[in-house]
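Accompanying notes for the structure given below.
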Amino acid sequence: MIADLSAADLDSLLARARADYDAFRAKGLKLDMTRGKPAPEQLDLAEGMLALPGNRDHLSEAGEDARNYGGLQGLAETRALFARTLGASPDRIVVGDNSSLALMHDSLVYALLKGVPGSAKPWGREPDVAFLCPTPGYDRHFAICEEYGVRMIPVPLTGDGPDMDKVEELVRDPAVKGMWNVPKYANPSGDVYSDETIRRLARMTTAAPDFRLFWDNAYVLHHLTDDGREILNVLDACAEAGHPDRAFVFASTSKMTLAGAGLAFFASSPANVAWLLASASKRTIGPDKLNQLRHVRFLKDHDGLVAHMAKHKALLAPKFAAVDEALEARLAGTGAARWTKPEGGYFISVDVVEGTASRVVQLAKDAGLLLTGAGATWPKGKDPRDQNLRLAPSFPSLSDVKAASEGIAICILLAAAEAESA
Ligand code: PLP
């Protein structure tokens, strides 16, 4: 442990860490570990989709012309294909266009402007609206809240989901109208919500009668191991607990098929589905149903989808292993960092020595290695301990991931040695 070193040993560690850093910087590499995007090889897996649905193939099973307007809720066969993934029957699913983030954004905006089923008035007419934000979390969730003046309350994650004692206490405040959740392989912590966490979220007493769980199951099928994790069905758990309208479930095929041309989903209770469709009908005459047909033709059924996701795993798992090996090789036993070993998803979360995350990002940048800004995983971009880093190994090639991970470990160790010497 660096903290236990004698002054002389600390001096020699600092000298070695500086020499390693200078050697890394001298390589003049250009590396980028900021983007949680699929790599080109992953997009190639869905290249066959570009030729679908193909000439003259534009009719749904019900005989609707997918080229035309209409079909606001989405084609029945598309909803059926994703029903198991979403944990909802097809009548409780809405298929949107290519971005689940857009559906989350719109759901919050509609809630602010009009309220949700069970609201006494639009959320925006309340004196104060707050969301619980399990942290570290997804910066774009936090950005939506910031944009519309929703107060964010960080809640620590435990590995099994949020600290539920804190959550149950905080929802006693009627200003708390909602909560962000990435329940499986969370961005960036890798948390997988336990059954008990989900049951407690479903049954807890909230002061706001129209409280909503924004349940962003973005990584529902995105396993990195052979035995992917299953979590409790939140819609069923909420219904069983007597709160059938509590959860808005979101997901998308952005990291299944094509990140810029996938399908997004909303799944919820009949009342919530009717609520969303009522507002959506003012916004659009209907979604891109040719893309819905394309997904059905390409993936065929749930088994086809699962088989497709196994190909992603084969490309991604070695990259995650490479990060872990590089961090382990230089940082094990030093006390300079703790990092996650996610079983799925797109990120590794690293906690470095308190007060050094910004320094690590700067050192990396100076050596040609781009990392997500320190603080990005916290509401308003402010990590009070300046401690958390988010690594995104999906996009660069495996050899770049290896080089970048070694560089990251070097920067973390140097920043830790500097801090200890100061
Ligand atoms: N939700 C989470 C947790 C994500 O990490 C991401 C992308 O990184 C998204 C949503 C974006 O989803 P979409 O492409 O469907 O808008």
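Here D91 qualifies as more than 16 Å from the ligand (Cβ to nearest atom), under 31 Å from the mean Cα position of the chain (by Cα), under 29 Å from D236 (Cα atoms) and loosely packed, with under 13 Cβ neighbours inside 10 Å. Out of all the residues in the stretch 251-264, is one or more farther than 23 Å from A51 by Cβ, buried (at least 19 other Cβ atoms within 10 Å of the Cβ), more than 14 Å from the ligand (Cβ to nearest atom) and not polar (S, T, N, Q)? No, the stretch 251-264 has no match at all. Among all residue pairs at least 6 apart or on different chains, which show Cβ distances below 9 Å where the first residue, located in the stretch 97-115, is in contact (Cβ under 8 Å) with a residue 12 or more places away in the chain and the second is β-branched (V, I, T) and more than 12 Å from the ligand (Cβ to nearest atom)? Taking only residues 6 or more apart or on different chains, the pairs are D97/T284; L103/V94; S107/V116; L108/V150; Y110/V116; A111/V129; L112/V129; L112/V150.
Being in a helix (DSSP H, G or I), more than 16 Å from the ligand (Cβ to nearest atom) and polar (S, T, N, Q) holds for only one residue in T206, T197, and it is T197. All told, A186 falls short of being surrounded by fewer than 20 Cβ atoms within 10 Å (Cβ to Cβ) and within 16 Å of the ligand (Cβ to nearest atom).
One line per residue, one yes/no per condition, for (1) touching an Asp or Glu at 6+ places or on another chain (Cβ under 6 Å); (2) at positive phi; (3) more than 16 Å from the ligand (Cβ to nearest atom):
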site: G28; (1), (2), (3): no, yes, yes
site: A46; (1), (2), (3): no, no, no
site: S60; (1), (2), (3): no, no, yes
site: N68; (1), (2), (3): no, no, yes
site: A80; (1), (2), (3): no, no, yes
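When each of N272, N291 is tested for being within 16 Å of G71 (Cβ to Cβ), away from the ligand (no atom under 12 Å from the Cβ) and either part of a strand (DSSP E or B) or not aliphatic (A, V, I, L, M) (or both), the lone residue that passes is N291.
When the stretch 318-342 is limited to residues that are in a loop (DSSP other than H, G, I, E, B) and in contact with a strand residue (DSSP E or B) (Cβ under 7 Å, 6 or more places away or on another chain), the one that is farthest from T135 (Cα to Cα) turns out to be A336. Test Y138 against the stated conditions and say whether it is modelled with pLDDT of 95 or more and within 21 Å of K184 (Cα to Cα). So Y138 passes the test. Criterion applied to S189, S194 was being over 28 Å from L299 (Cα atoms) and in contact (Cβ under 8 Å) with a residue 60 or more places away in the chain, and the one residue passing it is S189.
The values are calculated or read from the model by the stated rules, or taken from the named source; none is laboratory data. No experiment lies behind these values; they were computed from the predicted model shown. Neighbour counts are summed over all protein chains in view; Cβ atoms, including those assigned to glycine, are modelled from backbone coordinates with ideal geometry.
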